[in-house]
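Scroll down for the structure; my scribbles are underneath it.
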Amino acid sequence: MRYFIFLIVSISLFNSCSDSVAEVPIEFFKDESISIEKKIQKVLENSYLKTLGFNDSQSTWLQEHYEKQSFKPHWINDSMVIDSGVKLKKTLSNSMWFGIPENRISFSEKKKLNWVEEEIILTAKTAMILHDLNKGFLNVKEKKYNLKYFATGESFDSTLAMSKELSYDDIFLKQRLTDTNYQFIASKLYVFCQSYPLDKSTFDVKPYKEDTLYAIPNATKALVSKGYLKETLKDSLSFVEALKVFQEHNGLKKDGKVGKYTAWALNESSYDKVLRAAFVMDKLRTSIVYPSKCVRINLPEYLLRFFVNDSLKQIHNIVIGKTENQTPQLESKIRDIVVYPYWKVPFSIASKEVLPAAKRSAGYFAKNNYKLFKGETEIDPYSVNWKRIKDETFPYQVIQEPGPKNSLGIIKFEFHNEFSVYVHDSPAKSLFKTDVRSYSHGCMRCENPVDLGKVILDYDSVGRKRNDLTRDSLDTLLGRAKNFVIHLKKPIPIYVEYNTVFADREKLIFHLDIYKRDEEYLKIMKE
């Protein structure tokens, strides 16, 4: 009699209005007389799905998906989550390994789900992660998450078919196979996350020169927490070797010393580094298709790459702007190569650097090969009462004459942009040997720029018509040591980008977020 009453109550609950389904007792799900299909149908009612955290469009997707397969489950049986569901749960719990933040695929806030609810949640999370792995989750311009969308039914169904032969890890790693850059980061990030714990700890590591006795213990704790050093091997030799591996992973000089930038990297948690990788991957998911011939500069990597027919032809170290003179991100086209360029000193530099030097001695101009102009009239620096000139009203144009000591060096690559920056040579060659090359006023100084110019001329053509000036012509012009502008037949697209994580076939590197441009996005991914 008691069982009969319970059955009547259960059936009435099933047929009741959607406003009361959230109160369905656990006994309903445990009742073996009710089919698993009916239980899934119950959970798929709108008000029930709302309690699990789904919006209207997500609920519609789930309802249509399960209706199409007659409400049969994927990951459960009559009483529990089956083996395939257990494996899927483990993969989804490691969403960071695939470049998807943990909070992105969270839905229900219930402390404990029954197995039927878990069926729906697993399906939703899988559809969610498949969408984001291919379409992205961030609106970079507006600095916020995109709405939570699910993958198409076809994409979800193909994933189910693939799971018969591949693990869920492998399926997620195979997304966006056509994007080589993305795949390098995806595969190397996966290996990194398996090899090192995603610690969330931060440590107040100081560089050696500031406090040696304080630096070592905290640096050691950081290396242990990040999985680079075993607790039982905290001797000095093991510390240095572990630190060198860590430095290599962070694009720093492998000297085994805790300098300024190594301390910076040690103070960042591995969790945040992986979030930065997730951010870079998401930008790649929605990035433009680059032309077959282009120059790409990645600022945190301090590298310039020149591609022709999608093949890397040249790679150069660069120096970028200081943190107070940040190099901007931009897109433009290189139209001219300028041999022995003039340098029109920007107002910001002339007023803040040239003026103080001029106040000390007007001979500063001749010493640095500067000319002083007011309008088109050249002014004798010795005729100016420099003590009366104020930096905010500096009235002159300062131009540096061409020559080996010119701040732009002997060659410049010009492209129109609102920031008045360009790629150029530099007399300060030693800076190219440092690991963190942030020294300029905003322009990008290029190592061995003549080699870049020669290769650009090698490939400069429109159809069969090549540039009249060749790499040999460039040598001749440089030998004359006079200002000359080479117009390119076909302007070369140039992209100045900011991606703090890079990977190729061999390695994954977490570069420093030197301008701290990733921080706003990391907050979104951790909220």
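The values are calculated or read from the model by the stated rules, or taken from the named source; none is laboratory data. Keep in mind that what you see is a predicted model, and the values were worked out from it rather than measured. Here the Cβ is made from the backbone with ideal geometry for all residues, glycine too, and neighbour counts use every protein chain on show.
Annotations
- Residue match in the stretch 100-116 (condition: within 26 Å of PHE279 (Cα to Cα), loosely packed, with under 14 Cβ neighbours inside 10 Å, in the same structural domain as TYR168 (by TED's automatic domain parsing) and of a type outside the set (Val, Ile, Thr)): yes
- Criterion violated by ASP475 - all others in (1) farther than 27 Å from TYR261 by Cα; (2) surrounded by 14 or more Cβ atoms within 10 Å (Cβ to Cβ) satisfied: (2)
- Of all residues in the stretch 433-457, those satisfying the criterion of being over 23 Å from the mean Cα position of the chain (by Cα) and either in a loop (DSSP other than H, G, I, E, B) or not acidic (Asp, Glu) (or both) are LYS433, HIS441, GLU447, ASN448, PRO449, VAL450, LEU452, GLY453, LYS454, VAL455, ILE456, LEU457.
- Sole residue being surrounded by fewer than 20 Cβ atoms within 10 Å (Cβ to Cβ), more than 30 Å from ARG176 (Cβ to Cβ) and of a type in the set (D, E, K, R), chosen from LYS352, LYS333, LYS293, LYS283: LYS352
- Meets criteria (outside the structural domain of ARG335 (by TED's automatic domain parsing), within 40 Å of the chain's Cα centre (by Cα) and not aromatic (Phe, Trp, Tyr)) for ASP380: no
- Of all residues in the stretch 366-375 being closer than 22 Å to LEU408 by Cα and free of Cβ contacts under 8 Å to residues at least 24 places away in the same chain, the one that is surrounded by the fewest Cβ atoms within 10 Å (Cβ to Cβ): LYS367
For every residue, the table says whether it meets (1) under 19 Å from PHE29 (Cα atoms); (2) over 35 Å from the mean Cα position of the chain (by Cα); (3) in a helix (DSSP H, G or I).
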site: ASP78; (1), (2), (3): yes, yes, no
site: LYS90; (1), (2), (3): no, no, yes
site: TRP97; (1), (2), (3): no, no, yes
site: ARG104; (1), (2), (3): no, no, yes
site: ILE121; (1), (2), (3): yes, no, yes
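- Only one of VAL274, VAL224, VAL240 that is part of a helix (DSSP H, G or I), of a type outside the set (S, T, N, Q) and surrounded by fewer than 16 Cβ atoms within 10 Å (Cβ to Cβ): VAL240
- Residue in the stretch 390-399 that is in contact with a Leu (Cβ under 7 Å, 6 or more places away or on another chain) and part of a helix (DSSP H, G or I) present: yes
- Being among the basic types (Lys, Arg) and in the same structural domain as ARG437 (by TED's automatic domain parsing) is a description that applies to LYS313.
- Hits in the stretch 58-81 - residues which are surrounded by fewer than 16 Cβ atoms within 10 Å (Cβ to Cβ) and either in contact (Cβ under 8 Å) with a residue 40 or more places away in the chain or farther than 30 Å from ASP282 by Cα (or both): GLU64, GLU67, LYS68, GLN69, SER70, LYS72, ASN77, ASP78, SER79, MET80
- On the stretch given as the stretch 362-389, residues that are part of a helix (DSSP H, G or I), of a type in the set (Phe, Trp, Tyr) and touching a helix residue (DSSP H, G or I) at 6+ places or on another chain (Cβ under 8 Å) total 3.
- Any hit, the stretch 22-40, residues being at pLDDT 90 or above, within 22 Å of TRP75 (Cβ to Cβ) and buried (at least 20 other Cβ atoms within 10 Å of the Cβ): yes
Okay, residues lined up against (1) touching a residue at least 12 places away in the same chain (Cβ under 8 Å); (2) out of contact with any Gly (no Cβ under 8 Å at 6 or more places or on another chain):
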{"site": "GLU378", "(1), (2)": "no, yes"}
{"site": "VAL384", "(1), (2)": "yes, yes"}
{"site": "ILE389", "(1), (2)": "yes, yes"}
{"site": "PHE394", "(1), (2)": "yes, yes"}
{"site": "GLY403", "(1), (2)": "yes, yes"}
{"site": "SER407", "(1), (2)": "yes, yes"}
{"site": "ILE411", "(1), (2)": "yes, no"}
{"site": "ALA428", "(1), (2)": "yes, yes"}
{"site": "LEU431", "(1), (2)": "yes, yes"}
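- For the stretch 197-237, a residue qualifies if it is among the β-branched types (Val, Ile, Thr) and at pLDDT 90 or above, and the qualifying residues are VAL205, THR220, VAL224.
- Looking only at residues of the stretch 255-269 that are modelled with pLDDT under 95, outside any helix (DSSP H, G or I) and not acidic (Asp, Glu), we find that the one that is nearest to TYR228 (Cα to Cα) is GLY256.
- Filtered residue count, the stretch 129-185, keeping only those that are under 29 Å from LEU330 (Cα atoms) and in contact with a helix residue (DSSP H, G or I) (Cβ under 9 Å, 6 or more places away or on another chain): 22
- Residue within the stretch 55-64 that is closer than 22 Å to PHE137 by Cα and part of a loop (DSSP other than H, G, I, E, B) present: yes
- Condition check for ASN325: in a loop (DSSP other than H, G, I, E, B), assigned by TED's automatic domain parsing to the domain that holds PRO493 and touching a residue at least 12 places away in the same chain (Cβ under 8 Å): yes
- Consider the stretch 127-179 and keep the residues that are touching a Phe, Trp or Tyr at 6+ places or on another chain (Cβ under 8 Å) and assigned to a strand (DSSP E or B). The one that is surrounded by the most Cβ atoms within 10 Å (Cβ to Cβ) is LEU138.
- The stretch 487-527, subset touching a Gly at 6+ places or on another chain (Cβ under 8 Å) and among the aliphatic types (A, V, I, L, M), residue nearest to SER95 (Cα to Cα): ILE509
- Subset of the stretch 243-254 (residues that are within 13 Å of LEU223 (Cα to Cα), crowded, with 21+ Cβ neighbours inside 10 Å and not hydrophobic (A, V, I, L, M, F, W, C)): GLN247
- Among (1) part of a strand (DSSP E or B); (2) surrounded by fewer than 18 Cβ atoms within 10 Å (Cβ to Cβ); (3) not assigned by TED's automatic domain parsing to the domain that holds ASN483, the one test that LYS359 misses: (1)
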